[in-house]
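Written out below as structure tokens is the structure these notes cover.
Values in this text are rule-based calculations from the coordinates and carry no lab data. These numbers come from a predicted model, not from an experiment. All Cβ positions, even for glycine, are placed from backbone atoms using ideal geometry, and neighbour counts span all protein chains on display.
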Amino acid sequence: MDFPVKTLWGHGGNSLPRRYETPQMHVSLTLFLDCPISTKKTVGVSKKSKDVDVRNALVEWYEEHALERLTEKTNRYAGIMGVSPNSISVRDYKSRWGSCSSKGEISYNWRIIIAPHHIVDYVVVHELCHMQHPNHSPAYWKSVKREVSDYEISRQWLKVHADELVV
Ligand SMILES: [Zn+2]
């Protein structure tokens, strides 16, 4: 079968991300991600869809998936750390992975879920620790390290691979 293939980064568990082939079929676009929550989802793309429509459908799917995944991870880590965020949302940030307001409103860049699980975990912990320390002081990094002992590796990974986390 001959169809155009779009290559996406997917989750590779604890390893570096693996590439997934996403067949762009004529009537639907089926996405496969190797993750526990959603493994397969078909988003509506019509016969006449242009590249931009396909991209929009992908972005919509990622945003929805990102909120589900990030809410689950945030609640899990918040429970461990004994903090309670007031809200969790995803946004289309251009140059940041997340933010935490003084009111405990946490927002993430949806693109982060294209990264491997342990990188996503680091970003979640990074924002939750801001509920205890609204800065990047040594005490702040100490609490990050308590939850993610090798956080420096994830920080570095994000610097190197940031440009690859795109749809
Ligand atoms: Zn920060």
- List, please: which pairs have Cβ atoms under 6 Å, are six or more places apart or on different chains, and start with a residue in the range 74-87 that is in contact (Cβ under 8 Å) with a residue 60 or more places away in the chain and end with one that is surrounded by 17 or more Cβ atoms within 10 Å (Cβ to Cβ)? Tyr77/Val124; Tyr77/Val125; Tyr77/Leu128; Met81/Leu128
- Per the filter on the range 89-118, residues within 15 Å of the ligand (Cβ to nearest atom), in contact (Cβ under 8 Å) with a residue 12 or more places away in the chain and closer than 28 Å to Val166 by Cβ are Tyr93, Arg96, Trp97, Gly98, Ser99, Cys100, Glu105, Ile106, Ser107, Tyr108, Asn109, Ile112
- Message: If the requirement is being surrounded by 14 or more Cβ atoms within 10 Å (Cβ to Cβ), of a type outside the set (Asp, Glu) and out of contact with any Leu (no Cβ under 8 Å at 6 or more places or on another chain), which of these qualifies: Arg96, Arg69?
- Response: Arg69
- Message: Please count how many residues of the range 121-144 are acidic (Asp, Glu) and near the ligand (Cβ under 9 Å from one of its atoms).
- Response: 1
- Query: For the range 145-157, how many residues are within 11 Å of the ligand (Cβ to nearest atom) and β-branched (Val, Ile, Thr)?
  - Reply: 0
